[in-house]
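Written out below as structure tokens is the structure these notes cover.
The values are calculated or read from the model by the stated rules, or taken from the named source; none is laboratory data. It should be emphasised that the depicted structure is a prediction, and the values quoted were computed from it without experimental measurement. Backbone-built Cβ (ideal geometry, glycine too); neighbour counts: all protein chains shown. In case anyone asks, the SASA skips ligands and DNA or RNA and just uses the protein heavy atoms, side chains included. Shrake-Rupley method; radii C 1.70, N 1.55, O 1.52, S 1.80 Å.
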Amino acid sequence: MPDTLRYDPSAAHKYLSPVAWDSVCPLLENARQAVRDEVQLYNSKASIPAHMQPLDSGFIEWPQRLLDELKAKGDASQLGQIQIAAKRLRENFDRVVLLGIGGSYMGAKALFDALCHPFHNELSRDARRGVPRIYFEGNNLDSDALRALVEMLPQSASAPKTVNDRWATVVISKSGGTLETAIAFRVFRKAAEDYFGAGSADLKQAIASITGETGKLRNVTNEQGYQSVFPIPDGIGGRFSILTAVGLLPAAIMGLDIVQLLQGAADMTQSFFTAPTGQNPVLDYTGIGHLYEMTGQHIRLLSTWGKKLESVGFWYDQLLSESIGKDGRGATPITVVNTRDLHSRGQQHQEGCRDKLITNVIVEQHALPAVGIPAFATDHDDLNQYQKKTVSNVLSAAIQGTNEAYAADRRPTTDLVLPKLSEYSLGQVFQMLMLATVVEGRLLGINPYGQPGVEAYKKATMRLLKG
Ligand code: PA5
């Protein structure tokens, strides 16, 4: 039985007039039709009219395409090839460094944090079931972090034969020209060449590359003949690329079930195109967010209940910011992890400015058995009364209590409920939020694709660097 997510906006609906919801429904329907038309235009390969560019609708049907291709071609399909490359990397290397930034990083990080053991890198190889330790770099210009990671990898050229001594690099950049990733790649490529030997068969296996069909990284990749190379399709933008090789190869290296991940996403697309409002997580989430934004709630707060979801929230921060933060408009995303942040931001959310719509992300069933609360003969902290409760019970009370407190002050909340954290449920979440972002763009008349504003800092940095 798939772990189907539920989106429940009822607590926020209460403060909206029925007229407001009724008035947004036809707009949502129009936006859904606009997205359908865009997919058709994208599929037709006709030239895209200037006012619609860029149009990166490729992500919408991509999960089903990959699944269909797997069924038709098996190992020869892209998914089959990703599985084979991931197996090779898993079996031959004990550490894998993933280089990438923005859309070429945040999806893999979200999957790692949500689905791998919280202390994965500290487990023995057996306890990791042969999955390499995973590191993320190339996502900043942090010299200390870069040096520390490179120096931690085995350096001596004497023994790169046994799996525990071997480390690999996966470089991910669609444009192939992003400074942070490109610099880090130089550093790890140099270290790998020193360790495995420039041009050696080992080196060709130790570097994998995921990049666009053209560009600087593609040129290096072709010249060096790395063994595992995957393309990032042209019609899928960086922050919409988690379900391409960008997220899938790292996920497969982590030992995750990428077919289930894609299935969750494909099912969400299907539900988006067919389900009516009221039963359509994409349209319902977009409609509520839009109505609240129109009445001044510009902050879109993703309130995650558990550490594993923080990076999913950061992934969404990028998605919403770069897609809708244009023309002086667009909601501001903020991710919090509770109950941790109840002790930092909680006061603001309860009594501060009425500029927020809170979406709780709640996982019903935890991955590991719940921790009990031990009893002691002396009860100084007065906790013996809870000895029959678990930490999960306390969390449930905190979720309910916090939301009751918000409701008592008419603070709007909605719930995104996942039966458990799994590849399938996360596939749904990613696709739901990507589709919702596009629908919201169409509602507001903002092109959700492209990120022209990001260029300004890049240009200024390059000018200063060259000066
Ligand atoms: O959404 C986007 O396109 C960006 O955030 C990119 O993902 C990010 O800038 C990294 O780009 P690249 O993959 O070209 O290195």
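Mind checking the dipole of the chain: about its Cα centre, +1 per Lys or Arg Cβ, -1 per Asp or Glu Cβ, Debye to the nearest 20?
Details: 47 positive and 49 negative charges, 182 e Å.
It comes to approximately 880 debye.
Please list, in order along segment 252-263, the HN-Hα scalar couplings obtained from phi with the Karplus expression 6.51 cos²θ - 1.76 cosθ + 1.60 (θ = phi - 60°), rounded to whole Hz, x for Gly and Pro.
5, 4, 6, x, 7, 8, 6, 5, 5, 4, 5, 5
Using label points projected 7 Å from each Cα along Cα→Cβ, tell me how many nm separate M152 and N121, to one decimal.
Placing both labels 7 Å along Cα→Cβ, they lie 0.3 nm apart.
Which value, in Å² rounded to 10, gives the accessible area of I324 with a 1.4 Å probe and all protein chains present?
0 Å²
State the dimensionless ratio Rg/Rh of segment 184-262 (Rg: radius of gyration of Cα atoms; Rh: Kirkwood radius).
Rounded to two decimals, Rg/Rh equals 1.01.
Whole-Hz Karplus ³J(HN,Hα) for segment 51-60, in order, using 6.51 cos²θ - 1.76 cosθ + 1.60 and θ = phi - 60°, x for Gly and Pro?
With the stated coefficients, segment 51-60 comes to 5, 9, 8, x, 10, 10, 6, x, 5, 5 Hz.
Taking only protein heavy atoms into account and a 1.4 Å probe, give the accessible area per residue of the chain in Å².
Accessible area per residue: 46 Å².
When N is the residue count of segment 1-48, what does its C-alpha Rg come to as a fraction of 2.2 N^0.38 Å?
1.73
Residue separation times 0.36 nm, minus the C-alpha to C-alpha distance between D144 and K420: what's the value?
Extending this stretch completely gives an extra 95.7 nm.
More than 33 angstrom separation, counting every C-alpha pair in the chain; what % is that?
Roughly 40 percent, rounded to a whole number.
At a 1.4 Å probe, what is the % contribution of carbon and sulfur to the accessible area of the chain?
In the chain, the share of accessible area belonging to carbon and sulfur is 54 percent.
Can you list residues from other chains, or at least 5 along the same chain, whose modelled amide H is less than 5 Å from the amide H of T414?
I358, T359, N360
According to the Cα gyration tensor, what semi-axes, each the square root of 5 times an eigenvalue, does the equivalent ellipsoid of segment 394-467 have, listed from largest to smallest in whole Å?
In descending order the semi-axes read 38, 19, 17 Å.
Report, by chain and number, residues whose modeled amide H sits under 5 Å from the one on T169, excluding near sequence neighbours (fewer than 5 apart, same chain).
V97, I207, A208
Using a cut-off of 28 Å between alpha-carbon atoms, which lysines can reach K87, once sequence neighbours fewer than 8 places away in the same chain are excluded?
Cross-link targets: K71, K73, K109, K161, K174, K190, K204, K216, K308, K420.
Hey, what do the phi angles of segment 347-356 turn into as Karplus ³J(HN,Hα) couplings, whole Hz, using 6.51/-1.76/1.60 and θ = phi - 60°, x for Gly and Pro?
Per-residue couplings from phi come out as 4, 4, 6, 7, 10, x, 3, 8, 10, 10 Hz.
For the chain, with the dipole built from +1 on Lys and Arg beta-carbon atoms and -1 on Asp and Glu ones, taken about the Cα centre, which of Q155, W305, G238 lies farthest toward the positive end?
Toward the positive end, the furthest listed residue is Q155.
Can you tell me the length gained on complete extension of the stretch N393 to L179, counting 0.36 nm per residue apart and subtracting the Cα distance?
72.4 nm
Can you tell me the alpha carbon radius of gyration of segment 95-203 divided by the globular rule-of-thumb value 2.2 N^0.38 Å?
1.08
Give the Rg/Rh ratio for segment 1-156, taking Rg as the radius of gyration of the Cα atoms and Rh as the Kirkwood radius, to two decimals.
Rg/Rh for segment 1-156 comes to 1.08.
Can you find, among A405, V454, G467, the residue sitting farthest towards the positive end of the charge dipole of segment 394-467, where Lys and Arg contribute +1 and Asp and Glu -1 at Cβ?
Positive-most Cα among the choices belongs to G467.
Applying 1/(1 + (r/R0)^6) with R0 = 41 Å to the Cβ-Cβ distance of K73 and L27, what FRET efficiency is obtained, to the nearest 0.05?
Given R0 = 41 Å and the Cβ-Cβ separation, E is 0.50.
Just tell me the longest site-free run in the chain, where the sites are GluC sites (Glu not before Pro) in a DSSP loop having at most 16 other beta-carbon atoms within 10 Å.
Formally, the longest exposed-site-free interval is 214-467.
Toward the positive end of the charge dipole of segment 106-239, about the Cα centre and with charges on Cβ (Lys, Arg +1; Asp, Glu -1), which of A208, Y195, G138 goes farthest?
Projecting each Cα onto the dipole axis, the largest value belongs to A208.
Taking Cα pairs under 8 Å and at least six residues apart, what relative contact order does the chain come out at, in percent?
23 percent
For the chain, which span is the longest to avoid every loop-located (per DSSP) member of trypsin sites (Lys or Arg not before Pro) having at most 15 other Cβ atoms inside 10 Å?
162-328
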